[in-house]
Each structure stands twice: as C-alpha cells, then as structure tokens.
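Heads up, the thing below is written out as structure tokens.
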Amino acid sequence: MGNSEFLIPQPSPDLDQDLAVKSFSYGSNAQYKLNLYRMTCSCSDFNKRNRKSYPQSDIRRMCKHLMLQYSQSVELSGLSDFNRYAISNCTTIKGNFFDILIETTNQRVFINFWEIDEWWDIFLKNTNGEWQSYKYVPHENDFAYGEKPRGIVRILKKKLRSFYQWSRKRNKAIEREKKDKAEGCAPILVLIITICFLICAVF
Ligand SMILES: [Zn+2]
C-alpha cells in the first residue's frame with residue numbers, strides 16, 4: 001500500500017467552520033465539535049487514536065463524524081473507489097493497513113486493524129465490482145457473524161493465518177530485544193553508581 005492510496009481531496013476553505021454533530025452511538029446524546037476544512041473532531045476516536053498525526057488529505061485522519069460530513073459536503077467523484085466506499089459507508093480506517101493478492105482470482109484484498117490480536121477488517125471487491133467488508137477473528141482463524149468471502153475462504157484464511165503467526169513471532173522478537181537491551185544496561189548503571197559513590201567517599 002503506497003501512501004497515495006490514502007489520499008483524498010481536501011474540503012474547500014468555505015467549510016472552515018465549527019459544527020456541532022451528534023454521536024453515532026445508539027441512545028447517546030453526546031455532541032462533538034467538528035471542522036471539515038481543518039479535518040478535526042472532538043470525539044474520542046479522533047483524539048485517542050491520534051488521527052491528527054495524519055495529514056489533512058489522508059483518509060486515515062477521518063473519524064465517522066468527519067466521514068459523514070465529508071460525504072454530505074464534498075463531491076466524492078474525485079476519490080478512489082475504495083476511499084469512496086469507505087467514506088460513504090462511514091467505515092473508518094485503522095492504523096495498520098496492507099493488501100495481499102489472491103493469485104487464483106487475481107483479487108486484491110485489503111487488511112486493516114489496530115492491534116494484531118483484535119478483529120481485522122477485510123475489504124475486497126465482489127464479482128459485481130463492489131467493495132465489501134468482512135470481520136476476521138485472528139486467533140480463531142475465521143470470519144465473524146458467518147459472513148465470509150465465498151469462493152476464496154480457504155486460500156484467504158491460509159494467507160491471513162500465516163501473516164498472523166509471522167506478525168506474532170516478529171512482535172515477540174522485538175519485545176525480547178527490548179528486554180535484552182534493558183537488562184544489558186543494568187550492570188553499566190550499577191558500575192556508574194558504584195564509581196560515583198567511591199568518588200564521594202574519597203572526597
Ligand atoms: Zn469524530
């Protein structure tokens with residue numbers, strides 16, 4: 001995935017105004033302050049997920065509220081078909097995003113998640129050329145809600161499984177390396193403290 005695939009046209013400066021928008025949560029009366037031109041929102045997804053670290057022209061910056069406002073105020077024809085699908089369905093994009101190719105059907109599958117052990121969003125085009133999304137549960141190596149991408153379930157599950165196992169191994173190796181480094185620093189620290197103590201004792 002190149003970064004250009006996340007690019008979206010920035011809303012016009014006319015939309016530089018603060019709007020009060022409603023929460024998506026059922027039964028919630030919460031309101032958020034949103035500015036479409038500046039691509040900011042006061043909701044927790046925008047702030048806790050650090051969406052503001054992405055440029056204003058990047059779809060990963062958008063929470064659901066920004067997507068809804070964008071779809072109502074900006075011409076969507078300038079978007080890539082995936083970005084248009086995501087924004088018009090208020091499907092927010094998570095931090096980890098990559099794609100794999102299913103060689104037998106020549107289908108490109110997008111995989112998107114926050115943490116490797118949480119549910120993943122899987123996006124692919126159906127035979128009508130429309131984007132569809134599925135939820136994949138990595139530790140069960142299965143799709144949630146019984147909704148599966150028919151025809152490629154086996155091959156896709158095999159690929160997702162091997163990616164999951166490889167990622168977990170890599171994460172463990174990184175953790176081990178960090179721990180080894182921290183332990184490696186400890187004797188040096190003790191030595192420095194001892195020397196300081198001896199110097200103080202002498203003088
Ligand atoms: Zn928001």
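At what distance in angstrom do the alpha carbon centres of the range 66-94 and the range 18-51 lie from each other?
Using only Cα atoms to place each centre, the spacing works out to 16 Å.
Using the structure shown, select from Lys135/Lys158; Lys33/Lys135; Lys64/Lys159; Lys94/Lys135; Lys135/Lys169 the pairs with a Cα to Cα distance greater than 19 angstrom.
Lys33/Lys135; Lys64/Lys159; Lys135/Lys169
With a probe of 1.4 Å, find how much accessible area the range 67-148 has per residue, and write the answer as a whole number in Å².
I get 50 Å² per residue for the range 67-148.
With unit charges on the beta carbons (Lys and Arg positive, Asp and Glu negative) and the dipole taken about the Cα centre of the range 46-199, which residue among Asn96, Gln132, Ser73 sits farthest to the positive side?
About the Cα centre, the residue reaching furthest to the positive side is Asn96.
What order do you get for 71-82, 39-50 when each peptide is scored by the mean count of other beta carbon atoms within 10 Å, highest first?
39-50, 71-82
Expressed as a rounded percentage, what relative contact order does the range 40-112 have, with Cα pairs under 8 Å and six or more residues apart?
Reported relative contact order: 22 percent.
Can you tell me the dipole magnitude for the range 114-203 around its Cα centre, using point charges on the Cβ only (Lys, Arg +1; Asp, Glu -1), in Debye to the nearest 20?
The calculation lands at about 540 debye.
The values are calculated or read from the model by the stated rules, or taken from the named source; none is laboratory data. In this text the structure is predicted, and so the values were computed from the model without any measurement. Quick reminder, even Gly has a Cβ in these numbers, built from the backbone with ideal geometry, and neighbours come from all protein chains shown. These accessible areas exclude ligands, DNA and RNA; they are computed on the full protein's heavy atoms, side chains included. Shrake-Rupley method; radii C 1.70, N 1.55, O 1.52, S 1.80 Å.
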